[in-house]
Each structure stands twice: as C-alpha cells, then as structure tokens.
Amino acid sequence: MNATINYAELVYALRPEIALTLGLLLALGYDMAFGRRMSDCARRGVAVLIGIVTLASAVFQTLHTNVPPVGHAAYWFHGAFVYDTLAHGVRLGVFGLSALTLLLIAGSIPHSALRTPHFKHPAEYVAIQLLATMGFSLMAVSNNLLIAFLGFELASLSLYVMAGFDKTSRASAEASLKYFLFGGMAAAFMLFGFSLIYGMTGTIVLPEIARALAVQGPSPLLLVALVMVLVGFGYKAAAAPFHQWAPDVYQGAPAPAAALIASASKLAGFAFFARLLFSGLGTVSGDAINFGGPAGWIMAVIIISAASMLLGNIAALAQTNARRLIAYSAIAHAGIMLLGVIAVRAEGAGPLFYYALTYGIATIGVFGVFAAIERTAPCQRISDLAGLWKRSPFLALVLFVCVLSLAGIPPLAGFFGKFYLFAAALYLNGLMSPAGWLAFLAIAMSAVGLYYYLVILKAALVTNATAGTSASTEKIRVPLGTVIALATSAALTIALGIWPDVVLGLFK
Amino acid sequence: MSALHLCLIFSTLLFALGLAAALSRSNAILVLLGVELMLNAANINFIAFWRFSPQFASNPHAGVIFAIFSIAVAAAEAAVGLALIIAVYRHYKNVRLQDADQLKG
C-alpha cells in the first residue's frame, strides 16, 4: 500500500453519499430554522420534498459515474471501494426504493383527530432515512470488510430508530427493541467472523482475502468464521432461523419504515453478501454442482435457504394478521434470494438483482396500501381489508397487482424474477446438483405461497364489509404522495415484467 | 502457548460470556451489556492479530484501525439501544423483556 492518499478519488467514489449528507443537514437545518412557524402539513411536505430532491441528486451523481463494462470492475482508494454493474445498479435501486418509501409518509398520517399524529418530527425521520440510504449505498460499493461493516451498521442503527419512530405506539417501541437486540447480536457475530478472517489472511480487502485463502485452503477456523458471518447475513436478510424479529417489526413499525426494511435493506444486504461471498470467500465456496463435494459456505447457504422457504411459506398459512403474513412471505422470498446468491456462479448477479428489486417494489406497494387504509381505520387483521374494492378501487387495484407479483403470476415482474432465478440455479447442473433440488423445492413452495396471497386478495376484492366484521365501510381518500408512490410501484411491477431486459440487460 | 493463543482464548471466552448474558438475561440493559461484551471480544481479536501476527505486510495497520472504528460503532449502538430502552420504558414502566410480549404469532 503506497503512502500517498488520493483524496480526490475518495470524493469521487463517495459523491452520492456526500449529496445525501448535505441533504440531511439541509432537512434538519431548514426544519430547525423555519419548522416551528409552519403548519404540520407544510412542515412534512418540505421535509419530504428535501428528501426526494436529495435522493434525485444522489441518482444524478450515480448516473455520472463511469461504469466499467460487464465483467470488469474499477477499484478506488487503494481497493477500499469497487464499482461495477452490480454496485451501479444497487445504488440506483436503493435510491429509487428509498424515494418511493419517503412518499408513503403522507399516507401514514391518521386522517382523524382521534390519535396524535405519529410523524411529529418529519425532518428527523427524513434525515434518518437518508442516513440509512447512505449505509445501503456504502454496502453496495464496499470492497473492504471495514467499509462493509460501517455501511451495515449505519443502515442497521438508522433502521432501528425508524422502526421505533411512532412514540405513541406500544407496538412500535417493542418492535424496535426486539429488532435492535437481535441486530446487535448478529452484528457482534459478524464482527467476530470478520476478525477471524482478518487473522487468517492478514488483510481486510476482499480480493486479497480471496488470494490468501486460495493458498491456505479450508480450515476449521475458517468454517467457524464463515458460520459467524452467515449469522449476520441471515439476520439482515430475515432468513430462518434468524427471522424472529421480522414479523414483529413488520407488524409494529410505521408502514413507511417497514417498507424500507423490506425493500432497500434487502437489496443492499443481498448485493453486499453476494460480493463478500464470491469476491472475498469465493475460493472456499465448496461445491454446488455435485453432491458430496468439499464443504464450504454454499452448503450452509443451501440449508438456510431451504429452512427459510419451508418456514416462511408454512407459517404464513396460519396468519390472521396481514402484516405478519407479509413478513412470513418475506422470509420465504429471502429463501429464494439465497438460492439466487448461489446462482450468481452460473449467471452473474443479474437474476438476483432483478428479483430483489422487483420484490422491493411490490412490497412497497403492499405497505403503501396498508398505510393508506390506516388513515381511517386500523389495518392489521386480514379481515380489516374487507370491502376494499368499494372503499377505494385504486388501492384495491394496486394491492391486486403487487400481491400477484409477489405470488409470481405472469406477466408481472415477480414471475420473471422467479423464472430467471430458477433457470440460473438449474443451469448449474440441472437436478443433479443440490442447487437444482433447492430450485425444485422453491417451485413447489411457490404453489403453497399462492394460497395465502389469494387469501389477502379474497378479503380485499370479494368479501363485503358487513356489520359483523371489524372493517369500516368509509371511503378512503388517498393523499397525493401515496398516489404517486403506489401508481409508480404498480406501473413498475407491470413494466418490468413486460420488459425485464431493461434491468437484466445491464448485466449482459 | 504463545501470547496470540492466550489472547484468542480470552476473546473467545469473553464472546461466549457475552452471548450467554445476552440470551439469558431478562433485563434489556443487561442484554445490551452482553452484546457490548461480544463486540469487544471481536475488537480484542483484531488487536491481537495485528500485534502478534508477523505476516501482515501489505496493510500493516488494518487491524488496529478496524478496532478503533468498531469501538465508535459500539458506542453509537449503545446510544441507540439506550434510547430504544427508554422508549419501551415509557410504555411498560419497566425494562423486563418478558413483559414486552404484545407482538406475537
């Protein structure tokens, strides 16, 4: 490592993060100077507007970065940052998903005066969300265990606060505490695993780790380190058996925060772990092509993936709470995305990225609908959705599109995400490989999943709200920000399903 | 037994102790203490590998820099954790984790 430090290169690498930092300072400063004199509604509007403009400028900075051709990567600042199509795509993806969830804030303000509004501090919320987005963006470009850990923790710490942002709600506080305690333990496991990897290889830069491990080969200590890193990974992805926080957080957190946790956080987490596992630990991956090959992390990932698919889909069948149902379906989707991590070997990161992105968009749509319903009536149980078709045809249509995409019905994006991902897994060695059997299990479990998705749609589209049920029959007025976010996510779900090459073409 | 071995045994014991505390305590603050012990065990690993391993020529100070950063992260984590514990205390009037059982299923 040479002694000269090129700070211009550091600034070039971190331009989107710098834009986000300036934006969050602006949001806080403006609110401090002028917020008290404005009405609640105007204050919220300005905070959201600053957040959107900041994310747009971060997108602008990202678009003006030179992307190396597919298969090549640029390294910045002594190999601390890597930039390739995956990093580029994930940066754009998390900024877009973050902007969509910001627009949901307007929808999650209770319409009636019965409850104190739970977004009393919109500028702080926007600032913390921008911090979380910065963490996601750092995870996307990190090529170094230290940067990765800092990005991971920046994102996690911000998400804990966002999950507990509704100070008037007992459920929100409880969910954020559970999220925090699980997350702190997972982070400690991951850090301990990183320290062992550092001890074995003497470096924290991923390609150098790969070179050192290629010489050393697998060792018992390395397996301990791998398992500890996978605990952190499983937690971030909400994969079984590290999933316990997910249903509580999805149920208790404010809807925009839950949407961010379910979408952008997953996309960044999977991109980062695909990079860590392949460019850092790729030489000790073990064998996904044949049975009985050498042991490595692929076998552990396969076990976590199968457990997540089974647990997520089967536990979702028993849910009566709509948000918990979406949480268990998220665990099942995490299992499929873990299969995508293994399939990176066959087809590159394209199918995994496409799946995580379209899954995030559809989940934001679902949480946006829940947030909009909550303006007038509680929306926790599935029966609360009854008669949605009559209360707001727009919300029912968005829910229809997004839930069917999650279930994987063509021609929506969710179907093609599953299709490309399973195809990539089967390319490895057909049904003669562990990955192939896992794809087979995933296809079977998708059929199970269709049932509980249709239960949601049946409640929203077929069932009428009668006197016996808890659902209200009041018409729902959807605020403008939520309309934009929901219309965008439904339109993207359809458009990316019809033209998947818009995303997949980036990786070819 | 070399100094590196002693350090690694110590840090592993510390990690196990922290994990046991985090899993068995019912007071949220003591669970937080357990998590901090686990993080510090990892820091000791970084410092020990940095100090006692001879072969790390390419980036001689990575270990100690990692430890400094992760101490700062642990401090931020404690701050957020205590804030969330206070938020829970406001609703439940105590910090026993058994009582925070409203969300389940």
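Here is a list: A:Leu421, A:Leu506, A:Leu457, A:Leu486. Which entry is crowded, with 16+ Cβ neighbours inside 10 Å, touching a residue at least 12 places away in the same chain (Cβ under 8 Å), assigned to a helix (DSSP H, G or I) and in contact with a Ser or Thr (Cβ under 9 Å, 6 or more places away or on another chain)?
Going through A:Leu421, A:Leu506, A:Leu457, A:Leu486 in turn, the sole match is A:Leu506.
Could you tell me which numbered condition B:Val64 fails, if it satisfies all but one of (1) in contact with a Phe, Trp or Tyr (Cβ under 6 Å, 6 or more places away or on another chain); (2) under 16 Å from B:Leu19 (Cα atoms)? Among (1) in contact with a Phe, Trp or Tyr (Cβ under 6 Å, 6 or more places away or on another chain); (2) under 16 Å from B:Leu19 (Cα atoms), B:Val64 violates only (2). Segment A:1-108 holds helices (runs of 4 or more DSSP H) entirely within its bounds, and those carrying 3 or more residues that are more than 14 Å from every other protein chain (Cβ to nearest Cβ), touching a residue at least 12 places away in the same chain (Cβ under 8 Å) and within 30 Å of A:Val478 (Cβ to Cβ) map to A:15-34, A:40-63, A:85-103.
If only residues of segment A:151-196 that are facing chain B (nearest Cβ under 7 Å) and acidic (Asp, Glu) are counted, the one that is surrounded by the fewest Cβ atoms within 10 Å (Cβ to Cβ) is A:Glu153.
Whether any residue in segment B:92-101 is at the interface with chain A (Cβ under 8 Å from one of its Cβ atoms), in contact (Cβ under 8 Å) with a residue 12 or more places away in the chain and farther than 22 Å from A:Ser169 by Cα is what I want to check. No, the conditions are met nowhere in segment B:92-101. B:Ala3: facing chain A (nearest Cβ under 9 Å) and modelled with pLDDT under 95, yes or no? Spelling it out, it is not the case that B:Ala3 is facing chain A (nearest Cβ under 9 Å) and modelled with pLDDT under 95. The one condition from (1) part of a helix (DSSP H, G or I); (2) crowded, with 17+ Cβ neighbours inside 10 Å that B:Arg90 does not meet is (2). For segment B:41-53, the condition holds for at least one residue, the condition being that it is assigned to a loop (DSSP other than H, G, I, E, B) and within 9 Å of chain A (Cβ to nearest Cβ).
In segment B:54-86, the qualifying residues are those that are touching an Asp or Glu at 6+ places or on another chain (Cβ under 7 Å) and more than 7 Å from chain A (Cβ to nearest Cβ), and the one that is nearest to A:Pro207 (Cα to Cα) is B:Ala74.
List the helices (runs of 4 or more DSSP H) inside segment A:297-379, counting only whole elements, that have at least 2 residues being surrounded by fewer than 24 Cβ atoms within 10 Å (Cβ to Cβ).
Details: elements: A:297-317, A:322-347, A:350-373.
Answer list for segment A:297-379: A:297-317, A:322-347.
Would you mind stating whether B:Leu23 is within 9 Å of chain A (Cβ to nearest Cβ) and within 14 Å of the chain's Cα centre (by Cα)? It is true that B:Leu23 is within 9 Å of chain A (Cβ to nearest Cβ) and within 14 Å of the chain's Cα centre (by Cα). The one condition from (1) crowded, with 17+ Cβ neighbours inside 10 Å; (2) within 23 Å of the chain's Cα centre (by Cα); (3) over 18 Å from A:Ala371 (Cβ atoms) that A:Leu395 does not meet is (3). When A:Leu260, A:Leu221 are checked against the criterion of being touching a residue at least 24 places away in the same chain (Cβ under 8 Å), more than 22 Å from the chain's Cα centre (by Cα) and farther than 20 Å from A:Ala346 by Cβ, A:Leu221 stands alone in meeting it. Yes or no: B:Phe69 among the aromatic types (Phe, Trp, Tyr) and surrounded by fewer than 19 Cβ atoms within 10 Å (Cβ to Cβ)? Yes, satisfied.
Of the residues making up segment A:130-150, those that are of a type in the set (A, V, I, L, M, F, W, C), more than 10 Å from chain B (Cβ to nearest Cβ) and either outside any helix (DSSP H, G or I) or closer than 22 Å to A:Leu28 by Cβ (or both) are A:Leu130, A:Leu131, A:Ala132, A:Met134, A:Phe136, A:Leu138.
Filtered by the rule that a residue be over 26 Å from A:Val503 (Cβ atoms) and not small (Gly, Ala, Ser), segment A:413-440 gives A:Asn429, A:Leu431, A:Met432, A:Pro434, A:Trp437. Comparison of A:Tyr420, A:Tyr451 shows that the only residue that is modelled with pLDDT of 90 or more and touching a Pro at 6+ places or on another chain (Cβ under 8 Å) is A:Tyr420.
Is it the case that B:Glu36 is in contact with a Phe, Trp or Tyr (Cβ under 9 Å, 6 or more places away or on another chain), of a type in the set (D, E, K, R), in a helix (DSSP H, G or I) and within 11 Å of another protein chain (Cβ to nearest Cβ)? No.
Of the residues contained in segment A:41-61, none is found to be more than 21 Å from A:Gly135 (Cα to Cα) and among the hydroxyl-bearing types (Ser, Thr, Tyr).
For segment B:11-20, the count of residues that are in a loop (DSSP other than H, G, I, E, B), more than 9 Å from chain A (Cβ to nearest Cβ) and over 26 Å from A:Leu154 (Cα atoms) is zero. With respect to (1) in contact (Cβ under 8 Å) with a residue 60 or more places away in the chain; (2) within 13 Å of chain B (Cβ to nearest Cβ), the lone exception for A:Ala237 is condition (2).
The values are calculated or read from the model by the stated rules, or taken from the named source; none is laboratory data. Because the structure is a prediction, the values reported are computed rather than measured. Cβ coordinates were reconstructed from backbone atoms using ideal geometry, including for glycine residues, and neighbour counts include every protein chain displayed.
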